[in-house]
Amino acid sequence: MFNINIKDANRLDIEIKGKIDAEEMASALDDLIEQSEGMIGGKMLYRIEDLHLPSFRALGVELTKIPSLLKLIGRFDRVALVADKAWLRVAGEIEGALFPGMKIKGFEPAELTEAEAWLTG
């Protein structure tokens, strides 16, 4: 499952659970790119639970969209990553360090309130 919700004009909430196949990945990334269009200094609450590694086809879909995804990254300055696995939180924070102007901070699921507060701070 890959859900994207517009919280307000400058905020997206993303929720990923379980396994993602190529078709779902393509549709979700297209939606993400479209729904974030025009955002500047955006905020994202990114929740990941019970993630199964995507199929090779799904990863291939993601690779074909790298140019659009790089533009998308520039639309956000804060991403709160709420994940049930520590390695996802650490990987997210490392990714945030690679992109100037964007901060990614990892939170455990029990820290959802803190994640929301950090996004607005």
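Some notes on this structure:
- Filter result for the condition that a residue is hydrophobic (A, V, I, L, M, F, W, C) and touching a Gly at 6+ places or on another chain (Cβ under 6 Å), over Leu81, Leu72, Leu112: Leu81
- Every residue from region 20-68 that is closer than 17 Å to Met102 by Cα and touching a Gly at 6+ places or on another chain (Cβ under 7 Å): Ser36
- Answer from Glu93, Glu62 - the residue that is within 21 Å of Met25 (Cβ to Cβ) and charged (D, E, K, R): Glu62
- Check on Asp8, of a type in the set (D, E, K, R), in contact with a Pro (Cβ under 8 Å, 6 or more places away or on another chain) and more than 25 Å from Leu98 (Cβ to Cβ): no
Here's the yes/no breakdown for (1) within 15 Å of the chain's Cα centre (by Cα); (2) in contact (Cβ under 8 Å) with a residue 12 or more places away in the chain; (3) assigned to a strand (DSSP E or B):
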{"site": "Asn3", "(1), (2), (3)": "yes, yes, yes"}
{"site": "Lys19", "(1), (2), (3)": "no, yes, no"}
{"site": "Glu23", "(1), (2), (3)": "no, no, no"}
{"site": "Arg57", "(1), (2), (3)": "no, yes, no"}
{"site": "Gly106", "(1), (2), (3)": "yes, yes, yes"}
{"site": "Glu111", "(1), (2), (3)": "no, yes, no"}
{"site": "Ala117", "(1), (2), (3)": "no, no, no"}
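- Counted residues, region 25-55 - those being among the charged types (D, E, K, R) and either crowded, with 19+ Cβ neighbours inside 10 Å or assigned to a helix (DSSP H, G or I) (or both): 5
- Condition check for Ile14: in contact with a helix residue (DSSP H, G or I) (Cβ under 8 Å, 6 or more places away or on another chain), within 24 Å of Pro67 (Cβ to Cβ) and not in a helix (DSSP H, G or I): yes
- Count - residues of region 59-85 that are outside any helix (DSSP H, G or I) and touching a helix residue (DSSP H, G or I) at 6+ places or on another chain (Cβ under 6 Å): 7
Each value in this text was obtained by applying a stated rule to the coordinates, not by laboratory testing. Note that the structure is predicted; figures quoted are calculated from it, not measured. FYI the Cβ positions are ideal-geometry reconstructions off the backbone, even for glycines, and counts take in every protein chain you see.
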